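For reference, the structure discussed in these notes is given below.
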Amino acid sequence: MKHEIIHLKEKYPFLGENGCDPTVEMYLPYNMTEMHRQDKKRPCMIVCPGGGYSMCSQRESEPIALHFLPQGFNVFVITYSVAPHRFPTQLREVAALIELIYENADNWNCNTEKLAIIGFSAGGHLAAHYTTAYNCKEVRQVFPESKPVNASLLCYPVITADPAYSHKGSFVNLSGREEPTPEDINYFSCDRLVSEGTPPAFLWHTAEDNCVPVMNSILYASALGRYKIPFELHIYPYGWHGLSTADYLTNNETNEKTDHAAAWLTAAEKWLRLMGFKAEI
């Protein structure tokens, strides 16, 4: 495995303004000579950890990368800027990572037509927000030809800024305002940004999540359904917020209820293959 930490501001200096230092932890399968895969392209997975836009969770970073790496993915874990850095900082950092992937596609054996993004909690909001607003004016100001992703995987995601179902802390950190304005609700609610061009999505949540209401996933899935965009939604009956891989590696406690939710990993693998995310052999 090739493992490297990249400071995005070294390639894109404007990202270092205001003290930001977004990093990318890159995991690439090692091209073993006896496997004869030196020139084979691989799908890519961008990982956006959660943390309420106040931190980036380690539990939703490396464990996710190490799961998808042996599935044939090049994996890129982004440690994006958090509060007090506000929107659109985070979207621009994801856009920068995607530009970097495109620029190094040949060296890293990246199939840029199979680029997926996975996000957890607030990282799920970042993933969904980029998926639905990658070409917004705030991104195009710095990346005029910003690139889309081809699929999203949203894990107990923050989706809506509507106070009825929102995770308030995420939007306070993202916007810097204690209460969302009507403009915030429209601009940060990813279900309201879905369009005909939004790519397919895989979503999962637990019904008893008492941090980010399950309605967040339901709202996004419903929006996809209105546009007849393929999606897969799993709602598990039990499990707390922030399960990540729902196993011993990422939780202080596990039981038969969390074991049931851990099925999302296998379901996600199958869904990705169904969507054509396969490494060349």
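The values are calculated or read from the model by the stated rules, or taken from the named source; none is laboratory data. Note that the structure is predicted; figures quoted are calculated from it, not measured. Ideal geometry is used to build each Cβ from the backbone, glycine not excepted, and the neighbour counts take in all protein chains shown.
Summed over the stretch 135-170, residues that are touching a Gly at 6+ places or on another chain (Cβ under 6 Å) and surrounded by fewer than 15 Cβ atoms within 10 Å (Cβ to Cβ) total 0. Against the numbered list (1) more than 20 Å from Ala116 (Cβ to Cβ); (2) hydroxyl-bearing (Ser, Thr, Tyr); (3) part of a loop (DSSP other than H, G, I, E, B); (4) at pLDDT 95 or above, Ser222 comes up short only at (3).
Yes/no matrix, rows are residues, columns are (1) surrounded by fewer than 18 Cβ atoms within 10 Å (Cβ to Cβ); (2) at positive phi:
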{"site": "Lys2", "(1), (2)": "yes, no"}
{"site": "Ile5", "(1), (2)": "yes, no"}
{"site": "Leu15", "(1), (2)": "no, no"}
{"site": "Asn18", "(1), (2)": "yes, yes"}
{"site": "Asn31", "(1), (2)": "yes, no"}
{"site": "Met55", "(1), (2)": "yes, no"}
{"site": "Phe76", "(1), (2)": "no, no"}
{"site": "Val94", "(1), (2)": "no, no"}
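The set of residues in the stretch 215-233 that are surrounded by fewer than 17 Cβ atoms within 10 Å (Cβ to Cβ) and within 18 Å of the chain's Cα centre (by Cα) contains only Pro230.
Are any residues in the stretch 205-218 in a helix (DSSP H, G or I) and over 15 Å from Ala127 (Cβ atoms), and if so, which ones? Met215, Ile218, listed by residue number. Kindly indicate whether any position in the stretch 117-125 is in contact with a helix residue (DSSP H, G or I) (Cβ under 6 Å, 6 or more places away or on another chain), surrounded by fewer than 21 Cβ atoms within 10 Å (Cβ to Cβ) and not β-branched (Val, Ile, Thr). Within the stretch 117-125 (the criterion being in contact with a helix residue (DSSP H, G or I) (Cβ under 6 Å, 6 or more places away or on another chain), surrounded by fewer than 21 Cβ atoms within 10 Å (Cβ to Cβ) and not β-branched (Val, Ile, Thr)), the answer is no, since none of the residues qualifies. Answer yes if at least one residue in the stretch 187-194 is more than 22 Å from Ile117 (Cβ to Cβ) and surrounded by 16 or more Cβ atoms within 10 Å (Cβ to Cβ), and no otherwise. No, the stretch 187-194 has no match at all.
The set of residues from the stretch 28-49 being at pLDDT 90 or above and either under 21 Å from the mean Cα position of the chain (by Cα) or of a type in the set (Asp, Glu) (or both) comprises Leu28, Pro29, Arg42, Pro43, Cys44, Met45, Ile46, Val47, Cys48, Pro49. Here Phe202 fulfils each of the conditions (1) part of a loop (DSSP other than H, G, I, E, B); (2) of a type outside the set (Ser, Thr, Tyr); (3) crowded, with 20+ Cβ neighbours inside 10 Å apart from (1). Name the residue that is surrounded by the fewest Cβ atoms within 10 Å (Cβ to Cβ), counting only residues in the stretch 251-281 that are closer than 15 Å to Glu60 by Cα and at pLDDT below 95. Looking at residues that are closer than 15 Å to Glu60 by Cα and at pLDDT below 95, I get Asn252.
All of Ala151, Ala161 fail the test of being among the small types (Gly, Ala, Ser) and under 23 Å from Cys44 (Cα atoms), apart from Ala151.
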